[in-house]
Amino acid sequence: MKKISFYLVFGILCANIVLAQTREITGKVTDAKDGAGLSGVTVSGKNDQSSTITGTDGTFTLKISSKTTAVIFSYVGYKTTEVKINDGQANIALVQGDNQLAEVVVVGYGTKIRRDVTGSIAKVAAKELNNTPVTSFESAIQGRAAGVLVSQQNGKLGQGINIRIRGSASVTAGNEPLYVIDGIPLQNTDLSGNGATTNSLADININDIESIEILKDASAAAIYGSRGSNGVVLITTKKGKAGKSKIEFGYYTGTQKPTGKREFLNAKEYVDYFTQAAAGAAAQDTIGSNGSYLYEDALIDEMDYLNSRLTRYSAGNEDWKTQKVNTNWQDQAFQDAPISQYDLNFSGGTDKTTFYMGGQYLDQTGIVRRNSLKRYSGRLNLEHKVRDWLSVGVNMSFARTFNKRVSNDNAFSTPLQIVALSPITPLIDPRTGLTSGALDLNTGNPNTNYPVYYNPVLSVENTKYNTVVNRTIGNLFASANIAKGLTFRTEFGMDQLNQNEDNFAGRLTARNQGVPNGAGYNSSDQILNVNTNNFLRYVTTFGQASDFDVVAGTSFQKYQLTSNSASAEEFPSDSYKKLSAGASKTAATSSATDWALLSYFARANYKFKDRYLLSVSGRYDGSSRFGANNRYGFFPAVSVGWIMSDEEFLKNSTWLSFLKLKASYGLTGNSEISNYASRGLYGANAYGGFGGQVPTQLPNPDLKWESTASLDVGIEASVIDKRVTIEVDYYQRQTRDLLLSVNVPSTTGFLSKIQNVGKLENKGVEFTINSANVVTKNFRWSTNLNFAANRNKITNLGGQQIGTLNRAQEGEPLGVFYAKEFAGADPANGDALYVRNSLNSDGSKDRTTTNDVNEAADVRIGNPNPDFIYGFGNTFTYKGLDLDVLLQGVSGNDIFNGGGQYMSASGSNGFDNQTRDQLNAWKKPGDITMVPEARLFYANGTDNSSRYISDGSYLRVKAITLGYNLSPKLLSALHIDRARFYVRAQNLFTITKYKGWDPEVNADYQATNIDQGVDFYSAPQLKTIVFGINIGL
Amino acid sequence: MKSNIFSLLFLTATILFLGCSKELDTTPYSNIDQNNALKTSSDVEGLLVGSYADLGATDLYGGGAFVTADLLADFNEISWSGTYQGMTQIKNKAIPVDNAFTQDTWTEAYKAINDVNNVLSALSVVTAAKKDKVEGEAKFIRACIYFELVRLYAKAWNDGNPAANDGVPIKLTPTVELSGSADQLLRDKVSVVYAQVIKDLTEAEALLPESNGFFATNASAAGMLARVYLQKGDYANARDAADRVIESGNYKLTQANADDIIEEFLYTRAKAEDNTTEDIFAIQVTTTAGVNTFQTFYSELGRNDISIKDAHYDLYEPDDLRLNLISSDGYVTKFDNVYGNVHIIRLSEMYLIRAEANFRSNTTTGAEPVDDINMVRERAGLDALAAVTLADILKERKIELSFEGFNLHDIKRLGVSTGYFTGGGGLPFDSPKLIFPIPKRDILVNPNLSQNEGY
C-alpha cells in the first residue's frame, strides 16, 4: 500500500521533470493487411511518459527521452506491438488482433477494452449484422449472443419481435430491453391500429450499425437505472475514419418463401369426414329426449342439414358429391415474395473531421398476400475537432417505412385463416364468375354465409392498410477536454416519429367489416422523445499501477405522444377511399400522453496493476409514472475482476494465455407501465349521443419501481495461444416489488390494480466459446458456440393467479400452460376424455378419466419458455472465398395450437377444414385413438387441453453466407478497392417436431409477457435466399 | 481558464436539471383524476350517462346476457354454428368456470353497479330540480343489473327456498379505493337480492318522471317491476305494475308495414334510430357508441351464428307476420340493424304479463286476458281469439318474445323442462346446468364467494 502511495506522489512529481534530455523520432504506421496508413494509433515510448497519435497518413513524430530504446504501438483492434528505435526511426505494419481481448466494447456513457470489462456484455459486430436480409436488426442478432432470446411473432413484415435477455424479469411491466442508439434512448412504442404489434425498430438500417452491445448483468446495466432490469441494447452506428475516403455500394436481391406449411383435408376426405361428424352428432341429438327423438330421425335431420351445408359451401351445386372441386386454400394465403436492397455510402475524414454518410432502399414483399414493406433511409454521422480541446458532432438519420399490412391473426381476414375454408369451395364462384363470397345473386350483396367463413381473398382484393412511418433520430454532441484526463460531454438527442395508418375496406368485405358500404379508418400519431445527457469523465493514472476512470452526470428524457384517428362508413363507391367520402363518420378521437425521467448517474472504474479491476456505479432516477410518495429510486452496482493470468504463478503457463474471474452485484429497475398508473382516474364514454364519464382506474399513490437484484459470476479464459476463448457466466436475478396488475374482486367495479406485489427469479448459465480452429495463410476456420439456459420462476404473486391458459402462478415459470390433461377418445363411445387430476383424500391425484371437462382439474401441460437456447457459427475462409454457417436453436419449450379448437377439433366446432391428423378420429366402439369422435357442432374435446400442446424445440440453419472476394490483382486491374459477391440464405432449413407452420411463433393479437408460445393461424417465418454484391471504391 | 468555463457550464447544467424535477409532475390528457370527477351537478349527470353506457356493455344489456340465456335454454329450436367456443359451451350446457361470456356478464354488471353507486353517493351536488330523476335512474339501473345477475347466477325463486339459496353479492356503496377483506363479499340470499331489486325499482318508479327522453322513466321502472314480480310468481303485483305502464297511455304497439314487417324490427339501413312507440326502455346504439349483441350473433349481416330449426317454426300459425322475422335461410332478422337499439322492455311484454297475471289471479284489471292477447295477435296479423287458456297465453309470449332472452327465465318460473314448448324433453328447470357458474377469476380473489352446484 505504501508503495502505491509512493508511486502516486512520485508519478505526479516526475511528470514535469523527465523532459530533461529528449530526442525526436519519426515513423509511419501501416495496416499489415493492405499497407494503408493507420491514423489514430497511440505511439508511446517504452518506460517513458511521452506519447502521441499518428496522423491521417499514419506518420508520427514523438519526443522521447534519449535513453528510450523502443516505442510501443497500440491501436484498437490491432495487436499492441513493440518496435526498437533504429536511427531515430520506428516503422511498423500493425497486424489485426485475432483475440477478442483488445476489442473495444461500448458501455453506457463510454467504452472499455474487453479485457477490462467486469460486467457481462455481449457484442455483435457489423460483419455479422450487415446485409442480413431481414427487416429489423433484432432478427440479425438471433443466435449470435448468449442469453439473448429473440423471437419473432410471425412472418408478417415489420411486426413484433420479442427479446428476452436472461429471461423475463417482470409479469405485468415491460420485458423488452432498453434500446439506446449512439447514447440516445430510443422509444419503442407500438402504434399499431389492428391489434397486432408493429416493431418501430424496423426503422433502423441494419447496414448503418457498427456494433450492438447487449448489457446483460446489473453492473453493466445499472448505469441505466430504472430501465436496466431487462438489459440494455446499445446500438453504435458507423463513423468515418481518417484516411482515404471510401465509397461503398451494396445490392442484394432474392426471394422469400414460408418456412413451413400444414396439411389439411382434401375435398374427398372433407366430405367423408363431415358425413361421419353429422352421424356422430345425430346420436348426441337424441340424448335427453327421453325417447321422443329417435336416432333414425335425428340422422335424417343431421344429414339433411349436412347436405344443405355442403351444397352451400360447394357454391350451391352438388359438385361436392364428386369432389370435382378440390381447392388448396392454404396456397391462396401466400404469394411470390421478392426482396431487394440497395446501399450506397461514403465515409472518410481527416485528422480533424470524420464523416459517414449512408443511404439505403429496402424493397421487401411479404410471403402472405398483400403484405409488403419498403423503407428508405439516410444517415449522416459527422465529427469535427473545432479546437484541439473541443470536438463537436452529429449523428442524424431519417427513415421512411411504408408497410402494407394485413389483419391480426385473430381476424377472419388474416391470410392464414383461409385454411378454415372448405376444399369443396371453388376459388371462383361459378354462379357469378367472381371470387367466392363476393356476390350473392339473391341479394346483390356479398354473400353472408358462403363460403363457410369470410374469404380472406376478398380482403386481399378489396382492402388497403398502409402504415407509413417517418422517423428522424438525431443527436448533437460536444466533447471538451477541460483538463488533463478530464472531459465533459454533452449530448442532445431527439427521436421523432410520425405514423399514419390509412385503412379502407371496400364493399365486398362487408361480411368481415359488418358494414355494407365500405369502411375507412385513418390515424396519425406523433411521438417526440427528447433526451439530453451531460457528463464528466475523468481518466487518470497514478504511478505505474493504478488507473481510474470516473464518469458522472445527469440525464433528462421527456416523451410525448399525440394521436388522432377517425373512421367513416357509407362510401359512395369503392373508388372513394378517403374518409371525406364516407357519409357516416363513425368515430373520431384525439388523445395525448407523456412521461418524463430525470436521472443522476456516476460510475468509477479502478484498475490496479492492470489486473485487479473494480467498478462501482449508481443511478438515481425520478419518473413521472409513480406516485409522489415514491417517485425516485436508486440503483447501485458493484463489480470486481481479477486477471489471474497476469499473476506470477500463471504468467508462464504455456497453455493458458488469459484468465479473468469476475463478479458483479447490483440493482436495476423497471418502470414500463402505463404513464398514469398510480392515479385514480375517470374516463369518458358516450351514450345515445350524450357524453358520459365513468371510473376507470383505482388510485395507488404508493406505486414504486419494480427492482431486480442481480448477481453474476464469470470466467473469461483464453487458451492455446489465444486461439480459443471461453466465457462462462452464472447469474441469479431476483425481481421484487413486481409492478403487478393484481386482480381484484369484480364486485368492486374494477378488475385489477397495478400494485407492487410479488417476486420472481431468473437463474441461469451462459457460455460462449470462440475458437480459431485452423489458421494458415490461405485457410482459416473459426467457430463460435454460444449457449444459455435460463430458469424462470415466480416465487410470490401474493396468492394471485393471472391468466387462464398461459399463466402467471406462484412456483411456476412465467406464461406456463395450464389446462386439462387430455386422455384421448373413450374407446366405448368416442367421448373426449380428460384425466380428473383432482386430489384424493390421501393427497394423491385421481388419475381416472372423465368426459365432463369441468370435473377435470387444470394441470401444468407445458412451458413456453425454452430450457436452453444456442447458436453455433462456423466461418471458413479460403483465399478469396468465405463461408459462414450459423445454426440457431431453442430447446424444451412448448407450443399451444390455439387454432386447434377449430382446425383439429374432430370437426366438432363447425365446418372448418381439419388437419389431416383428425382422420384418426374414433369411429366404432373399441377404437383406441387420441382423436375423439367427430360430432358436428358438439364440441368434443375442444376445450383447452394437452390435446393441443406440442414440443416447440427447433434447430434452424439460421444463416448461410457464401462469399467471394475478388483478388487484389484483379481489383487493381479494375481500379476498385474491394469487390465481394455472395449468396446468403436465411432460415434455410428447420428441424422440429412441431407440426404447425413454424415453431418460432407467438399469436400476434394476444402476445403479452404471459401469453406466449401460442400459435393461432400465425404466418410462418420467412425462408430467404439472396444474391448480393458489395463494391468499394 | 478553459476548465473554469466548463466547470461553470456543468454546474449550470446541473442546476437546470434540478429544475427539471417539476417536469415529473405530469397530468393525464385523456382522463381526469377521480378527486376532480364529481364536483358539480353536471359531473354527476355525466357519470349517470356513463352508467347507461356501461349498462349497455356487450355482454350485459348490449344483449349478451340475453343471447347467452337463450342458448342455455335451447332444446333443438336453434342451430349454433359460431366459432366463439365460450358460446358453444353455453349452447352445450357444459360451461367451464372460466367461460369468457359468463365472466364478462358478471364483471360488466358490477362495473355498472359501481358507476351508479358513485352517482348515488354524490347526489348532494346534484341540482335540486334534477336530484329525484338522477336518483331514480341510478336505482333503476342498479335494480335491472341485480335482477339480471340473480336470475342468471343463482337458483330460480321457485327452486327450493329463496331465503336459503345463495344469490349474488350486493354492493350499494362505491369503491374509491381497495379495502382488503372488506371487498371480499359473501353472496346474499336470493330473496335478499329480489328484495333489493324491488326496493330500488319501487323507489325509482316514484322518483322518475313520466317523460325522460330515451332514459329511464317511471314506466321503465314499472315495466321492470312487472317482470320481476312475474319471475317470483307475485301475479297481483306483476299485473298492477304492467297495468300502470299500459294505462299511462304513453306507449302503443307498432304496426306492420306494407311488406308485412313489424315496424318494431324494421331494418332499412345501418343507422341509429330513435326508440319506437313500443319501447318502454331500450339501450341506445349509435354509429359511434354502444353495441347490439343480438345483431352480432343472430343477424345474417352479423356473424350469423344462430339459425332456426323446425321445432321453432312449428310454434307459429301459418299467417303469423312474425314469421317474416326469420329469413329464407333460417336466420332471425329481428336484429339486422347493426346500429339498432337493444329493446329491453317492449309494450307487448306488458300486455302479456297483464294477461297472464290476470288469468292466474282470476281478475280483469285493465282488460280481459283475451283482449290483451288479441292486442298482440292482431298486430301479428292473426285472428282474434274468443277465449284464451294459460297455454295460449304462454305460447303467445313464447313467440312474441322469442330470441329476446326470455325463454330461460320463463322455463324456470314455470317449473318446466327446456323442451316444454317444443314437444318435451330437455333439462328440468332446476338443473344446475341452467345456472351460470360464478366466474373463476372472482372465486380466486374472493374466498368468501361460493360456487354454484355442478361447477
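In sequence order, the stretch B:427-437 has phi-based couplings of 8, x, 4, 9, 5, x, 6, 8, 10, 5, x Hz under the Karplus curve 6.51 cos²θ - 1.76 cosθ + 1.60, θ = phi - 60°, and Gly or Pro positions carry x. Taking square-rooted eigenvalues a ≥ b ≥ c of the alpha carbon gyration tensor, is the stretch B:268-391 rounded, prolate or oblate, where a/c under 1.5 means rounded and, failing that, a/b exceeding b/c means prolate? Oblate.
Peptide A:669-679 has a mean of 2 when you count, residue by residue, the C-beta atoms of other protein chains within 10 Å of its C-beta.
Dividing the convex hull volume of the alpha-carbon atoms in the stretch A:454-608 by its residue count gives 158 Å³ per residue.
Spatially, the stretch A:885-946 and the stretch B:42-91 are offset by 30 Å when compared through their Cα centroids. Just so you know, the averaged projected area of the alpha carbon convex hull for the stretch B:208-311 sits at 9.2 nm².
Per residue of chain A, the DSSP helices (runs of n ≥ 4 H) give a summed -39500 (n - 2.57) that works out to -2500 deg cm²/dmol at 222 nm. Within the same chain, lysines fewer than 8 places from A:Lys577 are excluded, and of the rest, those with a Cα less than 26 Å from its Cα are A:Lys156, A:Lys374, A:Lys404, A:Lys464, A:Lys585, B:Lys271. In summary, the protein assembly as shown shows an alpha-carbon radius of gyration equal to 1.04 times the 2.2 N^0.38 Å reference for compact globular proteins. Taking a straight line from the alpha carbon of A:Lys969, these aspartates and glutamates sit under 20 Å away, with near neighbours fewer than eight places off in the same chain left out: A:Asp31, A:Asp34, A:Glu248, A:Asp882, A:Asp977.
The ranking of A:Glu269, A:Glu318, B:Glu77, A:Glu855 from fewest to most other beta carbons within 10 Å of each one's beta carbon is A:Glu318, A:Glu855, A:Glu269, B:Glu77. For A:Leu881, the amide hydrogen comes within under 5 Å of the amide hydrogens of A:Asn965, counting only partners 5 or more places away or on other chains and with H modelled in the peptide plane.
A straight Cα-to-Cα reach below 19 Å connects B:Lys39 with the lysines B:Lys130, B:Lys131, B:Lys133, residues fewer than 8 places away in its own chain not being considered.
Phi angles across the stretch A:338-347 convert, under the Karplus curve 6.51 cos²θ - 1.76 cosθ + 1.60 with θ = phi - 60°, into 3J(HN,Hα) values of x, 9, 9, 9, 10, 10, 9, 9, 10, 8 Hz, Gly and Pro given as x.
The residues neighbouring A:Thr467, those whose beta-carbon lies less than 13 Å from its own, together hold a net charge of +4 under the Lys/Arg +1, Asp/Glu -1 convention.
In order along the stretch A:674-688, phi translates into HN-Hα couplings of 5, 5, 10, 5, 8, 9, x, 10, 10, x, 8, 9, 8, 8, x Hz, rounded to whole numbers, per the Karplus curve 6.51 cos²θ - 1.76 cosθ + 1.60 with θ = phi - 60° and x for Gly and Pro. Amide H contacts under 5 Å for A:Ser314: none, restricted to partners 5 or more places along the chain or on a different chain, H placed in the peptide plane at 1.01 Å from N. Residue by residue along A:548-561, Cβ atoms of other protein chains within 10 Å of the local Cβ number 2 on average. For the stretch A:982-1033 and the stretch B:188-253, compute the distance between their C-alpha centroids and round to whole Å. Rounded to whole Å, the Cα centres lie 61 Å apart. Counting Cβ atoms of other protein chains within 10 Å of each residue's Cβ and taking the mean over peptide A:693-703 gives 6. Note on B:Ala236 and B:Thr127: their simple-model spin labels are 4.2 nm apart, each label 7 Å out from Cα toward Cβ.
All of the numbers you see were taken from the coordinates with simple rules; none came from a lab. None of these values were measured; they are calculated from a predicted model. Glycine gets a Cβ as well: all are built from the backbone with ideal geometry, and neighbour counts include every protein chain shown.
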